[in-house]
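**Student:** Below: one structure in structure tokens.
The values are calculated or read from the model by the stated rules, or taken from the named source; none is laboratory data. These numbers were taken from a predicted model, which means no experiment stands behind them. No Cβ is skipped: glycine too gets one built from the backbone with ideal geometry, and neighbour counts run over all protein chains shown. Ligands, DNA and RNA are excluded from the accessible area calculation, which covers all protein heavy atoms including side chains. Shrake-Rupley method; radii C 1.70, N 1.55, O 1.52, S 1.80 Å.
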Amino acid sequence: MNRITRRASAVLLLVFVLVGGLSFFIYEYFTKADQWVVSTGSPHIYNSSNIGCGRVYDRSGTLLLDITESRTYASDETVRLSTLHWLGDRKGSISAPAIAHYAKEMTGYDLVGGLYSYGGEAGAAVLTLSARVQSAALEAMEGRKGTVAVYNYKTGEILCAVTTPTYDPDNVPDIEGDTTGAYEGIYLNRFVQSVYIPGSIFKVVTTAAALDCVDDILDRTFTCTGVYEYGIDKVTCERAHGKLNLKEALARSCNCCFAQIAALVGAENMEKYVEQFGVVKPLKFDGITTAAGNFNLSKAAPVEVAWSAIGQYTDQINPCRYMSFMGAVAGGGKGALPHIVSHVSLAGELTYEAEPAMSERIMSAEVAQMLQEYLRNNVVSIYGADRFPDMTVCGKSGTSQLGGNQQSNAMFAGFVTDEAYPLAFIAVVENGGYGSSTCIPILNKVLSACKEVMDAQ
């Protein structure tokens, strides 16, 4: 009898486990099946880690990618080249996380009908990118490595974000067999995945810090003799600039003056403001997390604090994050956070639509206004306003030194203050030399293309 009782108890326990497990599965199925079906690796949704269904369009309705049957890219070669790092390749070597992030909205799912796309319906994702501007940016880069990007700091829409080098997914080169270095880093989306030594564009950060925490900064002047010494160490300029105030020091990008400004701000304050401005923090949008930058003065000597305030030492910035910082300056101390997916629809119904999201206030309106004036002065008095016709551009160039025999990276970051064209931008040309001479011609063409596209809307 005891043996029968024990066996009955064991069977009853197994029944309870089975019923409990089945109940748990049914609960999970009804509450999470829509997540399971679009999870990474689903053969119905993905192809080599990239989304394998639906269509992708640019902001003007240009078809960029059709994956309803096979993976068909845009008919125009330049468009294919300029958008590859957002659409992904056929093998999954280049990922397209922004599109994959909306797999559920692209495919649709219900417990009865299953996947809508699997039944013949194809979802459509519309990007904020402009194929026209992407093409203009790629052509302007002229085969050089780097990135150029523009976004609307009021709405957050990224109109342009080109990464080079790139390749035509319909005519894939022998990347593995290349020995010239032409394809180095080709699988990286440099706009979101890379970090760079900022060089003198970082002086905008130091200027903002000085305006906020040095009470008499506007009454001070600084003298540049071409060298500012720290015992056996020194900060140097290409030439002696003489006596300059803060506005003039920024315009002439004087290292020696900024070494003195850095001493007034102090290492502790510099770290505080870099944190407050968010310039080295990762940025998240549309399933993307940008690379984190670097700013660390914990063990820095005075000369290293100076070089860090100038944008050298161990400083690193991500292009997307720094562009959004410029957008916040243009927006009076806060700007829209960037995004690249405008909306998604399926079977005629809107399944996702982006809503503008504003950053927290990173600086006072007064400081932002003064930075706008300073950066406009840079363009008018140094770079030449005629180099940006029909737009009121504010900006700062940078020439970031890499050490050794490497040619410096060319940088330029800024924004447009015209009401009709609220655009912030950044350009990075690796080993491009001087920021102003290399990047301004690129940005001229890209901003002109942005204007054409926005005027046509």
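**Student:** When you check Pro173 against the structure, is it in contact with a Leu (Cβ under 8 Å, 6 or more places away or on another chain) and in a loop (DSSP other than H, G, I, E, B), yes or no? Break it down into steps so the answer makes sense when it comes.
**Tutor:** On the way: in contact with a Leu (Cβ under 8 Å, 6 or more places away or on another chain): no; in a loop (DSSP other than H, G, I, E, B): yes.
When the stated conditions are applied, Pro173 does not pass them.
**Student:** Next question, about the same structure. Output the residues belonging to the stretch 412-457 that are open to solvent by 20 Å² or more (accessible area, probe 1.4 Å), in a helix (DSSP H, G or I) and either farther than 16 Å from Cys160 by Cβ or of a type in the set (Asp, Glu) (or both).
**Tutor:** Correct list: Ser436, Ser437, Glu452, Asp455.
**Student:** So which residues in the stretch 430-457 are at pLDDT below 95 and among the small types (Gly, Ala, Ser)?
**Tutor:** Gly432, Gly433, Gly435, Ser436, Ser437, Ala456
**Student:** Also, quick follow-up: Limited to the stretch 69-102, what total is found for residues that are open to solvent by less than 60 Å² (accessible area, probe 1.4 Å) and over 22 Å from the mean Cα position of the chain (by Cα)?
**Tutor:** 3
**Student:** Oh, and also: Looking at (1) surrounded by fewer than 24 Cβ atoms within 10 Å (Cβ to Cβ); (2) under 29 Å from Ala357 (Cα atoms); (3) charged (D, E, K, R), which is the one condition that is false for Asp170?
**Tutor:** (2)
**Student:** Could I ask something else about it? If you check Leu337, Leu350, which single one turns out to be at pLDDT 95 or above and hydrophobic (A, V, I, L, M, F, W, C)? Talk me through it step by step, then tell me what you get.
**Tutor:** Values: Leu350 fails: at pLDDT 95 or above.
After ruling out the rest, the residue left standing is Leu337.
**Student:** Go through Lys203, Lys145 for me and flag whichever is of a type in the set (Lys, Arg), open to solvent by less than 10 Å² (accessible area, probe 1.4 Å) and either within 23 Å of the chain's Cα centre (by Cα) or within 20 Å of Val79 (Cα to Cα) (or both). Give the derivation first.
**Tutor:** Values: Lys145 fails: open to solvent by less than 10 Å² (accessible area, probe 1.4 Å).
Exactly one of Lys203, Lys145 is of a type in the set (Lys, Arg), open to solvent by less than 10 Å² (accessible area, probe 1.4 Å) and either within 23 Å of the chain's Cα centre (by Cα) or within 20 Å of Val79 (Cα to Cα) (or both), namely Lys203.
**Student:** If you go through the stretch 269-288 one residue at a time, do you hit one that is farther than 30 Å from Ala420 by Cα and at pLDDT below 95?
**Tutor:** Step one: of the stretch 269-288, the residues farther than 30 Å from Ala420 by Cα are 269-275.
Right, trim to at pLDDT below 95 and you get none.
No, there is no match, as no residue in the stretch 269-288 is farther than 30 Å from Ala420 by Cα and at pLDDT below 95.
**Student:** Take the residues of the stretch 232-247 that are part of a loop (DSSP other than H, G, I, E, B) and closer than 17 Å to Ala262 by Cα: which is modelled with the lowest pLDDT?
**Tutor:** From the stretch 232-247, those part of a loop (DSSP other than H, G, I, E, B) are 232, 237-241, 245; that's our starting set.
Filter again for closer than 17 Å to Ala262 by Cα, leaving 237, 245.
Values: Cys237: 93, Asn245: 97.
Among them, the one singled out is Cys237.
**Student:** Report, by residue number, each residue of the stretch 176-203 that is in a helix (DSSP H, G or I) and of a type in the set (Ser, Thr, Tyr). Walk me through it before giving the result.
**Tutor:** Kept after step one, since they are in a helix (DSSP H, G or I), are these residues of the stretch 176-203: 190-193, 199-203.
The answer is Ser200, and nothing else.
**Student:** Any chance the stretch 233-244 includes a residue that's in contact with a Pro (Cβ under 9 Å, 6 or more places away or on another chain) and over 22 Å from Gly414 (Cβ atoms)?
**Tutor:** The initial filter retains those residues of the stretch 233-244 that are in contact with a Pro (Cβ under 9 Å, 6 or more places away or on another chain), namely 233.
In the following step, the residues that additionally are over 22 Å from Gly414 (Cβ atoms) were identified as 233.
Yes: one or more hits.
**Student:** In the stretch 262-316, what count of residues is obtained for those that are among the hydroxyl-bearing types (Ser, Thr, Tyr), open to solvent by 20 Å² or more (accessible area, probe 1.4 Å) and not in a loop (DSSP other than H, G, I, E, B)? Show your work before the answer.
**Tutor:** Our first condition is that a residue be among the hydroxyl-bearing types (Ser, Thr, Tyr); within the stretch 262-316, this holds for 273, 289-290, 298, 308, 313-314.
Now drop any that are not open to solvent by 20 Å² or more (accessible area, probe 1.4 Å), which leaves 289, 298, 313-314.
Next cut, not in a loop (DSSP other than H, G, I, E, B) only: 289.
Within the stretch 262-316, residues that are among the hydroxyl-bearing types (Ser, Thr, Tyr), open to solvent by 20 Å² or more (accessible area, probe 1.4 Å) and not in a loop (DSSP other than H, G, I, E, B) number 1.
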